[in-house]
1. Mind checking which residues of the stretch 45-89 are at pLDDT 90 or above, over 23 Å from Arg32 (Cβ atoms) and among the small types (Gly, Ala, Ser)?
2. Could you check the stretch 108-125 and list, in sequence order, the residues that are within 20 Å of the chain's Cα centre (by Cα) and touching a residue at least 24 places away in the same chain (Cβ under 8 Å)?
3. Being modelled with pLDDT of 90 or more, in contact with a strand residue (DSSP E or B) (Cβ under 7 Å, 6 or more places away or on another chain) and either charged (D, E, K, R) or on the phi > 0 side of the Ramachandran plot (or both): is that true of Arg93 here?
4. Please state which one of Phe112, Phe102 is over 18 Å from Leu24 (Cα atoms), open to solvent by less than 10 Å² (accessible area, probe 1.4 Å), in contact with a helix residue (DSSP H, G or I) (Cβ under 9 Å, 6 or more places away or on another chain) and not charged (D, E, K, R).
5. For the stretch 123-142, does any single residue satisfy the condition of being open to solvent by 80 Å² or more (accessible area, probe 1.4 Å), charged (D, E, K, R) and either touching a Gly at 6+ places or on another chain (Cβ under 6 Å) or within 22 Å of Phe13 (Cα to Cα) (or both)?
6. Looking at the structure I just gave you, is Thr89 free of Cβ contacts under 8 Å to residues at least 60 places away in the same chain, part of a loop (DSSP other than H, G, I, E, B) and either acidic (Asp, Glu) or open to solvent by 50 Å² or more (accessible area, probe 1.4 Å) (or both)?
7. Could you please let me know if His160 is part of a strand (DSSP E or B) and either within 30 Å of Glu91 (Cβ to Cβ) or at pLDDT 95 or above (or both)?
Amino acid sequence: MLSVRPKVAELAFHVFSRSLHPELYVVHQSRRIERSNYESRIELTNCGHVVTWNAAGGTLCEVATSARQPLPKRRCLLTQPLKGSRTETAECRGGVSYRTHFQLESVEPDMFWMVQKQLGNGPTEGLLHRFDSSGRMAFGALSYINIELRLRSMLVQAIHTFPDDYAIVKVESLFSLET
């Protein structure tokens with residue numbers, strides 16, 4: 001299966017208070033986490049990532065994807081184009097809180113290739129997927145997710161590269177329960 005990512009100008013960021021059907025996107029890497037206070041599924045997809053977090057009887061689902069991706073409208077808490085830099089928060093029932101910061105950064109080619117090389121080399125504890133080349137560049141995009149787990153919280157750091165645009169998307173999200 002060809003796994004070339006969309007153009008960076010076509011990206012959007014969504015947060016839902018529900019899970020999404022897995023047939024809405026193509027999963028390349030996945031990790032399931034079960035802790036005493038929460039459970040989560042983190043997925044690298046054809047367009048970005050999906051993080052589904054279940055705790056205290058509620059669900060939060062973060063999606064970085066193409067703006068053209070058909071997604072449900074019900075229980076959508078946030079929809080933003082993935083441009084510039086933005087911080088968002090949400091308080092949900094059951095003492096669940098969510099905070100995210102995402103940014104799209106255009107960089108010089110030298111800086112882009114340095115980041116691309118650092119992400120793509122060597123073993124990793126997180127999730128990593130190498131995409132096929134779009135044909136314009138010799139190398140394809142990369143997606144990397146690092147996950148830090150605590151008793152009552154989970155920090156997710158995602159980096160998605162876009163070689164055709166020399167652009168990097170960074171997302172850092174904290175899912176947590178009140179203490």
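The values are calculated or read from the model by the stated rules, or taken from the named source; none is laboratory data. Computed from a predicted structure; not experimentally measured. Neighbour counts run over all protein chains shown; Cβ positions are idealised from the backbone, glycine included. These area figures cover heavy atoms from the full protein model, side chains too; ligands, DNA and RNA do not enter into them. Shrake-Rupley method; radii C 1.70, N 1.55, O 1.52, S 1.80 Å.
1. Once the filter is applied, which keeps residues that are at pLDDT 90 or above, over 23 Å from Arg32 (Cβ atoms) and among the small types (Gly, Ala, Ser), the stretch 45-89 yields Gly84, Ser85.
2. Phe112, Val115, Gln116, Leu119
3. Details: modelled with pLDDT of 90 or more: no; in contact with a strand residue (DSSP E or B) (Cβ under 7 Å, 6 or more places away or on another chain): yes; either charged (D, E, K, R) or on the phi > 0 side of the Ramachandran plot (or both): yes.
Considered against the rule, which asks whether it is modelled with pLDDT of 90 or more, in contact with a strand residue (DSSP E or B) (Cβ under 7 Å, 6 or more places away or on another chain) and either charged (D, E, K, R) or on the phi > 0 side of the Ramachandran plot (or both), Arg93 comes out as no.
4. On the way: Phe102 fails: in contact with a helix residue (DSSP H, G or I) (Cβ under 9 Å, 6 or more places away or on another chain).
Within the list Phe112, Phe102, the selection yields Phe112.
5. The initial filter retains those residues of the stretch 123-142 that are open to solvent by 80 Å² or more (accessible area, probe 1.4 Å), namely 123, 125, 130, 136, 138-139.
Among the residues that remain, those that are also charged (D, E, K, R) are: 125, 130, 136.
Now drop any that are not either touching a Gly at 6+ places or on another chain (Cβ under 6 Å) or within 22 Å of Phe13 (Cα to Cα) (or both), which leaves 130.
Yes - at least one qualifying residue is present in the stretch 123-142.
6. On the way: free of Cβ contacts under 8 Å to residues at least 60 places away in the same chain: yes; part of a loop (DSSP other than H, G, I, E, B): no; either acidic (Asp, Glu) or open to solvent by 50 Å² or more (accessible area, probe 1.4 Å) (or both): yes.
No.
7. Details: part of a strand (DSSP E or B): yes; either within 30 Å of Glu91 (Cβ to Cβ) or at pLDDT 95 or above (or both): yes.
Judged against the criteria, His160 is a match.
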